[in-house]
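Notes follow the structure.
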């Protein structure tokens with residue numbers, strides 16, 4: 001098969017990692033894959049950055065108008081996918097889109113008429129008026145409007161709440177399009193089937209983890225020595241959003257839970273934040289810890305996971321969680337908030353623990369309980385986490401399900 005993959009980035013970010021695994025895996029299975037991305041960070045030749053055009057005066061004016069109207073979510077000023085020629089598209093058997101890379105949604109009807117088109121959803125934004133995660137709001141099921149997140153990050157840049165208009169426009173665009181929808185969790189599929197995408201064919205293909213890349217390493221004591229971590233330390237790893245203003249991953253919950261812990265000899269490995277403040281450093285100061293860092297190299301991340309005893313993931317909303325999958329592959333159990341697709345990854349009491357969202361007290365108590373377990377039980381939980389990654393979230397299963405879906409689609413066309 002000749003497949004055109006489209007994504008917002010090639011290797012940085014959750015959706016980018018999933019798209020890269022898919023493209024590389026299909027290439028390994030002798031399929032021809034071209035990967036178009038909004039931002040290219042790798043040097044691989046089969047991945048191409050979408051050319052960016054300098055905006056002329058007319059486009060700049062239209063951008064200001066659309067910004068004022070608040071309908072940015074439709075991507076109306078973007079030239080992509082219209083900058084692709086019909087002859088370029090027709091060389092492929094199938095188009096597969098992940099995160100939209102500056103994508104004009106009006107292009108969907110045109111694109112889907114030319115070639116079978118698959119769209120993998122990683123957030124709820126494709127069927128909401130503006131937001132990525134609606135939390136407790138269910139207006140996206142009908143009409144949106146009066147958005148409770150308007151004016152809050154990441155929607156602080158909006159001049160006007162046009163969520164109702166955005167949703168109305170998306171509904172008509174999708175009705176004119178023939179889209180095959182993939183969701184990264186059963187939970188997300190349930191949401192999509194209640195949304196403006198409900199007339200589309202929707203199926204679940206769970207995110208994968210490369211269990212050859214993320215795996216238990218033989219000499220973890222040597223790794224601790226290399227990182228200057230005491231051998232007897234109880235090590236917690238947590239990964240939060242890159243900006244402190246983004247509270248979805250629960251940094252505030254983590255900082256509130258830490259002083260409640262009674263476990264001795266704690267050592268922290270914090271990942272994610274790139275704009276760390278003095279206030280955050282002051283709250284981490286009582287604990288031995290590595291500095292906050294953003295780790296792009298998977299081999300380096302695997303080493304950090306291998307020295308950890310436990311990963312914290314008190315996220316307020318998630319459709320899935322690659323960091324938990326990567327931790328499981330490295331045989332690290334997780335304590336995670338019971339939200340979205342996370343409940344399909346963590347099995348309570350077997351591969352870790354599920355807690356209520358926004359609950360620093362239970363996060364701390366469950367952590368103390370984990371470290372109080374006999375070593376034999378903790379090792380059993382580590383083995384169960386690794387087994388879960390290998391059997392339920394393997395890369396081979398992920399590729400098999402995509403190939404099967406592609407063949408079904410092409411047989412109908």
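Just so it is clear, none of the values below were taken in a lab; they were calculated from the coordinates. Predicted, not measured: the structure shown is a model, and the values here were computed from it. Reconstructed Cβ throughout: ideal geometry from the backbone, glycine too, with neighbour counts over all protein chains shown.
Could you tell me whether the range 220-392 comes out rounded, prolate or oblate from its Cα gyration tensor? Rule is a ≥ b ≥ c as square roots of the eigenvalues, rounded for a/c under 1.5, then prolate if a/b exceeds b/c, otherwise oblate.
rounded
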Discussion item. Suppose each label sits 7 Å from its Cα in the direction of the beta carbon; what would the residue 397-residue 175 distance come out to in nanometres?
Written reply: 3.9
Discussion item. So, R0 is 60 Å and r is the distance between the beta-carbons of residue 217 and residue 113; what FRET efficiency does that work out to, to 0.05?
Written reply: 0.75
Fill in: For peptides 389-395, 40-46, sequence by mean Cβ density within 10 Å, most packed first
389-395, 40-46
Worksheet, complete the sentence: Rounded to the nearest Å, the spacing of the alpha-carbon centers of the range 207-274 and the range 1-43 is 28
Discussion item. Taking log10 I(q)/I(0) by the Debye sum over Cα atoms at q = 0.06, 0.11, 0.14 Å⁻¹ straight from the coordinates, which label in [x] -0.26, -0.87, -1.33; [y] -0.66, -1.05, -1.24; [z] -0.49, -0.82, -1.11 is the correct one?
Written reply: [x]
Worksheet item: For residue 368 and residue 190 in the same chain, what is the full-extension length gain: residue separation times 0.36 nm, less their Cα-Cα distance, in nm?
Response: 60.6 nm
Worksheet item: Distance in nm between label sites at residue 228 and residue 241, each 7 Å beyond Cα in the beta-carbon direction?
Response: 3.2
Worksheet, complete the sentence: Pseudo-spin-label distance residue 27 to residue 135, built 7 Å along Cα→Cβ, given in nm, is 4.1
Item to complete: Can you tell me how much longer the chain between residue 91 and residue 413 gets when fully stretched, taken as 0.36 nm per residue apart minus their C-alpha distance, in nm with one decimal?
Response: 114.4 nm
Worksheet item: When the helices in the chain are scored as -39500 (n - 2.57) per DSSP H run of 4 or longer and the sum is shared across all residues, what 222 nm value do you end up with, to the nearest 500 deg cm²/dmol?
Response: -10500 deg cm²/dmol
